[in-house]
Protein chains: 2
Amino acid sequence: MNGALALDRVRIVLSRTSHPGNIGAAARAMKTMGLSRLWLVAPQEHPSREAWARASGAIDVLDAAHVVSTLQEALAGTALAAAVTARRRELALPRLHAREAAAELLSHTADGEVALVFGNETSGLTNEEVAICGMPVSIPANPEYSSLNLGAAVQLLCYELRMAALAPRPPADPRPELATHDEVEGFLAHLERAGTQSGFHDPANPKRLLPRLRRLFGRARLEKEEVSILRGLLTSFERKVD
Amino acid sequence: MNGALALDRVRIVLSRTSHPGNIGAAARAMKTMGLSRLWLVAPQEHPSREAWARASGAIDVLDAAHVVSTLQEALAGTALAAAVTARRRELALPRLHAREAAAELLSHTADGEVALVFGNETSGLTNEEVAICGMPVSIPANPEYSSLNLGAAVQLLCYELRMAALAPRPPADPRPELATHDEVEGFLAHLERAGTQSGFHDPANPKRLLPRLRRLFGRARLEKEEVSILRGLLTSFERKVD
């Protein structure tokens, strides 16, 4: 795929941003690298004069931003989502560095839109938000002071995306089509339902079952056909149970 | 040379900066990437409350900054200086991209200190300033909007310097123990049994079901605990079927 076209399929998602100036800085950073799709999840203050001032010549990116109330809405229809996180997590998937993650995300733009998610300035992303995304990403920063400003972090990842988009790539192996975010969520909900019905999963005492399963299937990057096989299996189990 | 030592030999030089906030943002960007030597050439306003506020946890970098009145003073004693510039220049030397320039600068740290020079926010570097430095550098930005914020440009170049110096990998997260080959095979056999019993899988007409499932779970590199969760689920389905 053409590099500019690939960049046009990357959503930058800012979750629960506190400072409107950072929203403007992110829009500017995106546009300098040729990205334009900005999604804001429950921003503390938006629209704001400050965001528009900091966006400088990138007000078109701000004007076109989608504002939604949950991360799930911002990821609807995406083929792959990456979560930018500085912290180690329990049950963590292996983290990719910014450069590897940019290449990986772009390689999936042939399947549809992809997303790169940034958390709140102070608290970052919640464990739940990271779990919703399939791929944790870290910026290799100074371990003694890794506190990048939000706009700077967006700048850096968008730069890596641009570098990856413009780099000549070897022709890709034919890859089966990945399941969309919604399809994976539908499967996980089905699995939960079947597991509850069979008595394995107790919603009143969930332990870590669902996060574990979410992590496993997120790591696998399910294909469309695999989701339909797995759902067929679940349905066959349910029929017998009825 | 040791990577951290090499980074310690890079001066970031900001020439004629207009907005003190950008000086603070630059200090913060430097420190996140392990750089600490900041030189300010004729800043419009310094010291300032705003710079210290924007520096966040990098006030040590600001406190130690050298303030001089000419670029020549800031470059005194350096082995190589690079000028960050977006514009093409008449009679210009060939420009390097940020990534190449970072590698080139670092390769000269064995000879002594090196410098990376950033111009004024609005007017950039003068032709004379670029000429004083041996090496023009550009950030490969969107040709239709290449206006990076000064702090963002410093962040990006310092990141490339760090990547070049350390070629770092994310600290390995503690990884849960992977399932053995036999455990994975045991699970796949269990899945086949349960799927046959439920009627989803017909051994007489297997299609590609088992190879597909084997491929999916192979790709995921199952962990011990995941195998036992999945087998628990299967057992719960079987019990209901019986």
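The values are calculated or read from the model by the stated rules, or taken from the named source; none is laboratory data. This is a predicted model, so every value here is computed, not measured. Methodologically, a virtual Cβ is constructed for each residue, glycine included, from the backbone with ideal geometry; neighbour enumeration extends over all protein chains shown. Note: areas computed on protein heavy atoms with side chains; ligands, DNA, RNA excluded. Shrake-Rupley method; radii C 1.70, N 1.55, O 1.52, S 1.80 Å.
Can you give the average number of partner chain beta-carbon atoms within 10 Å of each beta-carbon in peptide B:177-184, as a whole number?
Partner Cβ neighbours, averaged per residue: 0.
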Shape box of the stretch B:1-138 [Cα atoms, principal axes, largest first, Å]: 40, 36, 24
Estimated Rh, the stretch A:120-213: Kirkwood, alpha-carbon pairs, angstrom: 17.4
Semi-axis lengths (Å, descending) of the ellipsoid that matches the C-alpha gyration tensor of the stretch B:91-166: 20, 16, 12
Rounded Å value of the spacing that divides the Cα centres of the stretch B:205-242 and the stretch A:96-132: 28
Residues of type aspartates and glutamates that B:Lys224 reaches as a straight line, Cα spacing below 14 Å, ignoring anything fewer than 8 places off in the same chain: B:Glu177, B:Asp182, B:Glu183, B:Glu185
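In what sequence, largest accessible area first, do A:Lys224, A:Lys207 appear using a 1.4 Å probe?
Values: A:Lys224 65, A:Lys207 160 Å².
Largest accessible area first, the list is A:Lys207, A:Lys224.
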Rg to Rh, two decimals, where the protein assembly as shown supplies the alpha carbon set and Rh follows Kirkwood: 1.05
Trypsin sites (Lys or Arg not before Pro) within the stretch B:13-116: DSSP coil, no more than 15 neighbouring Cβ in 10 Å: B:Arg87, B:Arg88, B:Arg89
Signed unit charges on C-beta, dipole axis of the protein assembly as shown, positive-most listed residue A:His181, B:Leu209, B:Ala141: B:Leu209
Share of carbon and sulfur in the accessible heavy-atom surface of chain B [1.4 Å probe, %]: 51
Per residue accessible area of chain A, 1.4 Å probe, in Å²: 42
Convex hull volume per residue for the stretch A:42-110, taking Cα atoms only, in Å³: 163
Residues whose placed amide H lies under 5 Å from that of B:Ala115, excluding near-sequence neighbours: B:Arg11, B:Leu80, B:Ala81, B:Ala82
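Helix-only estimate, please: 222 nm mean residue ellipticity of the protein assembly as shown, summing -39500 (n - 2.57) across DSSP H runs of length 4 or more and dividing by its residues, to the nearest 500.
Per the formula, -14000 deg cm²/dmol.
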Beta bridge orientation in the protein assembly as shown: antiparallel %, DSSP, nearest 5: 10
Sorted largest first, extent of chain A alpha carbons per principal axis (Å): 61, 43, 37
Per-residue mean of C-beta atoms belonging to partner chains within 10 Å, peptide B:149-156: 6
Choice from B:Gln197, B:Gln155, B:Gln44 with maximal GNM fluctuation in chain B (Cα, 10 Å cutoff): B:Gln197
Overall dimensions of the stretch A:181-239 by Cα: Rg and Dmax, Å: 11.4, 32
Relative counts (whole %) of C-alpha pair distances in the stretch B:1-50, using bins that are 5 Å wide: 5, 21, 28, 22, 13, 7, 4, 1
Reach of A:Lys207 by Cα under 17 Å, taken over aspartates and glutamates that are not fewer than 8 positions away in the same chain: A:Glu90, A:Glu128, A:Glu192, B:Glu225, B:Glu226
Reachable aspartates and glutamates from A:Lys31, criterion Cα separation under 13 angstrom, eight or more residues apart if same chain: A:Asp8, A:Asp60, A:Asp63, B:Glu144
